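These notes concern the structure reproduced below.
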Amino acid sequence: TPIELMLANPTNPPVARDAGDGRAASPRAAAAVRRLRREGTKDLAGPLTISGVSPQLGKAIEATGRRYGKPIIAVPAGPLGSFPVQPLVPGAAVSVGYSGGDLRLGAVGTVAYTDEGRVWSFGHSFEAAGARNLLLQDAYVYRVVTEPNAALTGGSYKLAVAGHDVGTLSNDAFSAVVGTVGALPRTTTVRAVGTDHDTGIKKEVVTNVADETDVDNPTGFSPLGAVGPLAIAQATGGTMKSAPGRMTGRMCLRITFAERPNRPARFCNRYVSSGIFDPFLGPLGNPIAFNAAMDSSSAFSLIEFFQGRTPHVSNVHAEIETRRGERVAFLRRVDAPRRVKPGQAVTLRVRMQRLRGGNFTKRYRVNIPGGLKPGRRTLRLTGFEHESSEEDILAILFGLDVEEGGGGQDGPARLNDLIESISGLGHWDGVELRMGGRSKRAFRDDDMLIVGRTATSVRVRRR
């Protein structure tokens, strides 16, 4: 690429004047965002590079990219602690990063020209999205690989990993990417802590994800939507030293917005394995990690399609615990007092059967629904109903398999409503009581998920 074309690109390109003005997107604009998410990085001049994931997950990510025609290369983490920060001089390796820290996702190229801290690189675009707010990083190159499949990688690519965060990438133009060494861009800290309940082993993944809110998320989606769930999956699956097919787990996710520091969005969900561990997917083959990643992806999607002024996510914290075995019990029988009053607190004797185990009985204190008419009524208990997802989580995270249509649905337009929507992703995993056409939450067992249904007959008296 002629150097004149590269230098014609400024470090600070124009930003949409109405970026973040709070206006709701039209259905047509929402559909365009989904198309951008799917198509935006398919035509990269070079491959995306990801480091910090397990070898199995890395291979699965690469296979997903090949299936959808998008080059993604998983590389070892690199000797980050053993080499000093490299000056970005012409000929040096440079990375444009979505994220830094334990999990790094971006693309590696070559510096072409520098001038008083300003850096012009690549000689082609990253995503040709214009104004950006990404990490400018040095890089460690293992070797240059000649790729016979030129249609996928362009003929050759650098097998390289992003290194230190050294500045901000601010312009993603057709003929170059341009940034400045020094101040770093605004980022979101993602901290995911996985715990193996049975061994006490913990794994913590901490990554800083570029926040492009102030440049209107020019690709149509936030890097957080791809990096966040991967960090959670890596922390969850990284604690297990084996591949048990049956597990029980729990994730508590907290998302804090800079605009509401004292009111984070949060929810906790429990999961049970519903299929066989898939070793090919590495951490994501762990059913608990898969479901936790899917739930976090749903939360980040709500932020991406928020209809109001886009908020800044300051930090994300996830605590995930896994334990071997499906701690599930089936409802078999319930005994209640023969006569009850509306609103009365009563004790139920609930007989259950452990999954692949014996029967046992526990007592739970519940309140009879108010407003019931006198007479004979059926008291029904309904346990938790778990739905298993069959979606391709990797394709979703990398924006490769997004359907058309459905763009006319409006999301919340106020931040408080967004926080409530995210918190609403937490599901009630206890037992519900239904009587006389009225339903209410009855009880929840901290040690196991209770599923199935049972019922008994009682007589409702006047108060």
Backbone HN-Hα couplings from phi across the range 221-235 [Karplus 6.51/-1.76/1.60, Hz, Gly and Pro as x]: 8, 8, x, 4, x, 9, 6, x, x, 5, 5, 5, 5, 5, 5
Per-residue HN-Hα couplings for the range 123-132 [Karplus 6.51, -1.76, 1.60; θ = phi - 60°; Hz; x = Gly/Pro]: x, 7, 7, 8, 9, 6, 9, x, 4, 10
Per residue accessible area of the range 168-210, 1.4 Å probe, in Å²: 40 Å²
Amide H within-cut-off set for residue 92, under 5 Å, with H built and near neighbours excluded: 111
FRET E, pair residue 89, residue 146, Förster distance 30 Å, beta-carbon r, rounded to 0.05: 0.70
³J(HN,Hα), Karplus 6.51/-1.76/1.60, whole Hz, each residue of the range 100-112, x for Gly, Pro: x, x, 5, 10, 10, 10, x, 9, 10, x, 10, 6, 9
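Lys and Arg at +1, Asp and Glu at -1: add these up for the other residues within a Cβ distance under 10 Å of residue 368 and post the number.
Residues near residue 368 contribute +4 overall.
Over the range 195-265, with every protein chain in place, what whole percent of the accessible area is carbon and sulfur at 1.4 Å, could you tell me? Don't jump to the answer; show the numbers that get you there.
On the way: 1100 of 2510 Å².
Of all accessible area on the range 195-265, carbon and sulfur atoms account for 44 percent.
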Under 5 Å, built H, 5+ apart or other chain: amide partners of residue 442: 431, 432, 433
Cut-off under 5 Å, modelled amide H: who pairs with residue 201 long-range: 196
Within the range 443-462, backbone nitrogen closer than 18 Å to the virtual label 7 Å beyond the Cα of residue 338 toward Cβ: 456-462
Accessible area of the range 80-125 divided out per residue, in Å², using a probe of 1.4 angstrom: 40 Å²
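Starting from the Cα-Cα distance between residue 159 and residue 414, subtract it from 0.36 nm times their residue separation and give me the gain in nm to one decimal.
In short, 87.4 nm is gained.
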Pairs from 203/241; 70/158; 59/203; 341/440 whose Cα-Cα separation, in the structure shown, is over 18 Å: 59/203
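The values are calculated or read from the model by the stated rules, or taken from the named source; none is laboratory data. Predicted model only: the values in this text are computed from it and were never measured. No Cβ is skipped: glycine too gets one built from the backbone with ideal geometry, and neighbour counts run over all protein chains shown. Heads up: the accessible areas ignore ligands, DNA and RNA and are worked out on the full protein's heavy atoms, side chains in. Shrake-Rupley method; radii C 1.70, N 1.55, O 1.52, S 1.80 Å.
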